[in-house]
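Remarks on the structure that follows.
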Amino acid sequence: MKKILCMIFATVFLLLVSGCVISTNESESVVLPPCRIGTSGIQATFGDKYTFESALAEADVVARIEVGNWIAEDTNLYKTYYEARVLQCFKGEIPENFTLLQEGCSVGTMKNYPLFISGNELLVFLNEATEIEYESPYWIIGSFTTLLDVSYDESGARYYVDRYGILGESINIPSNYVHEENVSSEVLSVVVASDPIVSEMQYSYPYIFSEADIVTLLENK
Amino acid sequence: MKRKFMFKAVVYILAVFLMLQTSPYAFAHSSSQEGILAKSYMAEYEGYYIGGEDVGWSIDEGIHTNGTTLTYSFLSSDSYLTSEYRSYVTSGASKWSGTVTITNKTDGSGTGKIGTVYDPNTYIVAAFCNFSTNSSGHLTSWQILMNRAYDQSATILAHELGHAIGLNDLYASKNSGKLMYGYTGGTATGPTSSDKWGAKVITGVHSSHSWGYKYDSTTSTGSNRHVKYCTSCNGLTNTVASCTYNSSNICTVCGIPFGVQPWSIGHETE
């Protein structure tokens, strides 16, 4: 009996250890920021409030992107740099692979605006950055106030989710899928599952827009 | 004996499993906003809310000044800190006169340090940052940085000093008339009465609240819930309760009739 238990224990232990090793190997290919939330906070005064229309007009580029590896941070300017890839460009021209700038770093982040991680899929309004040493740098105009998360329902249909409701309140589309429980529960569960820190945040997710509605809006402008 | 061994083995396996499952992330912040302040009742409301927007001021009990005085010094190493930038700080500080006394410590001993940065690749005009607090939530050090890529003003600095007092940003359009509106396009040029009430609450000057009740939300059966709030500072508590109706169908606590939804908390109505 003792031998059997020892064998079971050894097998479970080896499986757990090997699982850990696989996980470590996977994480080695992905460079994450040193932390998601800075050691101190930032309370920022922003420029003029953007609406969907004004952000679209002012942005050099509007694109659906995927955040890649963390590159570096500037703790004096509270800035983080990431590799990023364009999945779909709605306005302007931008290299497929570019450097994404985000306000915040390991020293300080804004409340409810954690640092990105590889795999985050976003709709962003971008302007080309200047005086940056990394290749093809772009910063998000409007910071977190203009961000939309990209998510999917079970059939794979794409949706754009407003975590904060700041941009969404200016979007004049009658169909807000947050009120359609079968859609919103699927879409929001994907958002939560895609990033471990999301469930720690106090997002209200007041707006969920379908891809068709957002694309129509972008193309009509 | 066998049972003892099995028990040990199971405990050991579980311990190893738990060790391997430990999250790689450390969550440094937690919400410390308790007591008198607005909460986000988004489950009941069909709208957009951030805590504090409904009241017109938002405080953070974990980050605020100790008492009604505040000291700052200019960053001596900042060669870009011209007399113009310094004058914005001085004028911004004077706007809080009567509510909080903000003093420039020219010997460099101020709790806060104020300086500038230059960053054209950001939406941030100015920032309150790099702060630390003691166990009581009192600020022991903090920084305000003005971004030289944007125009600065005494109003912007008064806003940033509002953070050092303990006030949070407000982002809802209905608060565009408050000093703590988080965008430069706001209309306030100094602390409004609402900003001052927030400052009085966080500094402890206003602690004797005069409680009343007002409408909060409506249940699926049509009956209302009310919330306890201070009739002076307008701060909400987290005490939300179902209305209790008399024979005339009027709530005996808040006085709002059954079926009436006054939306008196100032909801976003879009």
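So in region B:104-149, with the set limited to residues that are open to solvent by 20 Å² or more (accessible area, probe 1.4 Å), more than 17 Å from B:GLY162 (Cβ to Cβ) and among the β-branched types (Val, Ile, Thr), which one is nearest to the other protein chains (Cβ to nearest Cβ)?
Taking the candidates together, the pick is B:VAL117.
Do you know which of the residues in region A:121-130 that are out of contact with any Lys or Arg (no Cβ under 9 Å at 6 or more places or on another chain) and in a strand (DSSP E or B) is nearest to A:CYS35 (Cα to Cα)?
Per the criteria, the residue is A:LEU126.
Tell me the residue from A:SER155, A:SER189, A:SER204 that is free of Cβ contacts under 8 Å to residues at least 40 places away in the same chain and either in a strand (DSSP E or B) or within 20 Å of the chain's Cα centre (by Cα) (or both), please.
A:SER189
Residue by residue through region B:150-181, note down the ones that are in contact with a strand residue (DSSP E or B) (Cβ under 6 Å, 6 or more places away or on another chain), open to solvent by 40 Å² or more (accessible area, probe 1.4 Å) and of a type in the set (Gly, Ala, Ser).
none
Being touching a residue at least 40 places away in the same chain (Cβ under 8 Å) and part of a strand (DSSP E or B) narrows it down to one residue among B:LEU157, B:LEU139; which is it?
Just a single option satisfies the conditions, and that option is B:LEU139.
Conditions first: (1) modelled with pLDDT of 95 or more; (2) buried (at least 18 other Cβ atoms within 10 Å of the Cβ); (3) assigned to a loop (DSSP other than H, G, I, E, B). A:TYR134 passes all but one, so which condition is the exception?
Tallying (1) modelled with pLDDT of 95 or more; (2) buried (at least 18 other Cβ atoms within 10 Å of the Cβ); (3) assigned to a loop (DSSP other than H, G, I, E, B), A:TYR134 fails exactly one: (2).
Has region B:91-103 got any residue that is modelled with pLDDT of 95 or more, aromatic (Phe, Trp, Tyr), open to solvent by less than 20 Å² (accessible area, probe 1.4 Å) and not in a helix (DSSP H, G or I)?
Yes - at least one qualifying residue is present in region B:91-103.
Could you figure out which of (1) touching a Lys or Arg at 6+ places or on another chain (Cβ under 7 Å); (2) under 19 Å from B:TYR88 (Cβ atoms); (3) open to solvent by 20 Å² or more (accessible area, probe 1.4 Å); (4) not hydrophobic (A, V, I, L, M, F, W, C) isn't true of B:THR239?
(2) is the only condition that B:THR239 fails.
Given the residues A:GLY104, A:GLY142, which is the only one that is crowded, with 19+ Cβ neighbours inside 10 Å and at the interface with another protein chain (Cβ under 9 Å from one of its Cβ atoms)?
Of the residues listed, the single one that is crowded, with 19+ Cβ neighbours inside 10 Å and at the interface with another protein chain (Cβ under 9 Å from one of its Cβ atoms) is A:GLY142.
The values are calculated or read from the model by the stated rules, or taken from the named source; none is laboratory data. Nothing here was measured: the structure is a model prediction, and the numbers come from that model. No Cβ is skipped: glycine too gets one built from the backbone with ideal geometry, and neighbour counts run over all protein chains shown. Each accessible area value is taken on the protein alone, full model and side chains, heavy atoms only, with ligands, DNA and RNA left out. Shrake-Rupley method; radii C 1.70, N 1.55, O 1.52, S 1.80 Å.
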